[in-house]
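Some notes on the structure that comes next.
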Amino acid sequence: MSIERTAEAGILTITINRPEKMNALDPASMVALRDALKGFDADPSLQVAILTGAGERAFCAGADLTRTLPDRPYVSGMFEREADARSPLYIRNISLPRLGLSKPLIAAVNGVAVGGGMELALNADYCLCASGARFGLTEPRVGSIPAISGIQRLMQSLPRSAAMRLLLTGEIIDAATAHAYGVVTEVVAAGELLPRAREIAGQIVANAPLAVRAIKYLADKAMDLPVREALEVEELVWGHLLASEDRIEGRKAFAEKRKPSFRGC
């Protein structure tokens, strides 16, 4: 299996398992990853997903360049609602903004994350990495461009000059530089990566599911809306949560000095 899934205590771990290809994704693997992410989002027993790569060398080396040569014109896939492995727009299957997940995704970057691999990391809700990880949007080196929101995420997150340096050169940076740029939030030893990712996921799982999903929804909206409009949407979502069972339970548990028992309703 190119994409492996394991679930425990509300946490789904998705592993890209093509270590012989540095976990690069061919179109069939992209479809499998899309299906794993969509399945996670639809499963009420799962609250957080962790995305990582098999082995210690690579998180994901982007698209498998040996398996992604065009064999159909672009326009033939332009209006498809859902791309399959033969679609010229196979990249849509790993575009996290297009998938529109309603639950948090943590990227646990265990090694090289270049091209689409770095874009997956940039578009996750939280990203941490092993100390030996490396990052780069290397598409211009092979005549292409980052096309699953890598450009937008870098331009939103970094000063323009720093973002343009990475985008125009295709430079690969180490974990310390990625941390300094804010591409990753934490750098840990390789053996601590998944335990730390699961620890963070567990902290999220302990919170009220509706509140977590509402926060993710509003955070995604904040990328697109002016502040005044975003505040209005925040008020509306707050109003929807106002009389929810979880919100009431949270207040009762606080008053009674006990751990809340959330039900996601």
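The values are calculated or read from the model by the stated rules, or taken from the named source; none is laboratory data. Every value quoted in this text rests on a predicted model; they were computed, and no experiment measured them. Glycine also receives a Cβ, built like all others from the backbone with ideal geometry; neighbour counts cover every protein chain displayed.
Couple of notes before you dig in:
Per-residue answers, yes or no, for (1) in contact with a Ser or Thr (Cβ under 9 Å, 6 or more places away or on another chain); (2) of a type in the set (A, V, I, L, M, F, W, C); (3) touching a residue at least 24 places away in the same chain (Cβ under 8 Å); (4) not in a loop (DSSP other than H, G, I, E, B):
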{"position": "13", "(1), (2), (3), (4)": "yes, no, yes, yes"}
{"position": "20", "(1), (2), (3), (4)": "no, no, no, yes"}
{"position": "29", "(1), (2), (3), (4)": "yes, no, yes, yes"}
{"position": "38", "(1), (2), (3), (4)": "no, no, yes, yes"}
{"position": "44", "(1), (2), (3), (4)": "no, no, yes, no"}
{"position": "49", "(1), (2), (3), (4)": "yes, yes, yes, yes"}
{"position": "52", "(1), (2), (3), (4)": "yes, no, yes, yes"}
{"position": "56", "(1), (2), (3), (4)": "no, no, yes, no"}
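- Residue 17 vs. criteria surrounded by 22 or more Cβ atoms within 10 Å (Cβ to Cβ), at pLDDT 95 or above and more than 27 Å from residue 208 (Cα to Cα): no
- Of the residues making up the stretch 119-152, those that are closer than 19 Å to residue 97 by Cβ and in a helix (DSSP H, G or I) are 119, 120, 121, 122, 123, 139, 150, 151, 152.
- Counting the residues of the stretch 71-98 that are assigned to a loop (DSSP other than H, G, I, E, B), at pLDDT below 85, out of contact with any helix residue (DSSP H, G or I) (no Cβ under 6 Å at 6 or more places or on another chain) and of a type in the set (S, T, N, Q) gives 0.
- Restricting 183, 187 to residues that are part of a loop (DSSP other than H, G, I, E, B) and either among the hydrophobic types (A, V, I, L, M, F, W, C) or in contact with an Asp or Glu (Cβ under 9 Å, 6 or more places away or on another chain) (or both) narrows the list to 183.
- Subset of the stretch 171-191 [surrounded by fewer than 17 Cβ atoms within 10 Å (Cβ to Cβ) and either in contact (Cβ under 8 Å) with a residue 60 or more places away in the chain or over 21 Å from residue 12 (Cα atoms) (or both)]: 171, 174, 176, 177, 180, 182, 189, 190
- Qualifying residues in the stretch 153-167 (those that are touching a residue at least 24 places away in the same chain (Cβ under 8 Å) and assigned to a helix (DSSP H, G or I)) - the one surrounded by the fewest Cβ atoms within 10 Å (Cβ to Cβ): 156
- The single condition from (1) exposed (fewer than 14 other Cβ atoms within 10 Å of the Cβ); (2) modelled with pLDDT of 95 or more that residue 214 fails is (1).
- The residue pairs whose first member lies in the stretch 91-111 and is not assigned by TED's automatic domain parsing to the domain that holds residue 45, whose second member is assigned to a strand (DSSP E or B), and whose beta carbons are closer than 9 Å, counting only pairs six or more residues apart or on different chains, do not exist in this structure.
- Hey, residue 142 touching a Leu at 6+ places or on another chain (Cβ under 8 Å), over 25 Å from residue 48 (Cα atoms) and aliphatic (A, V, I, L, M) or not: yes
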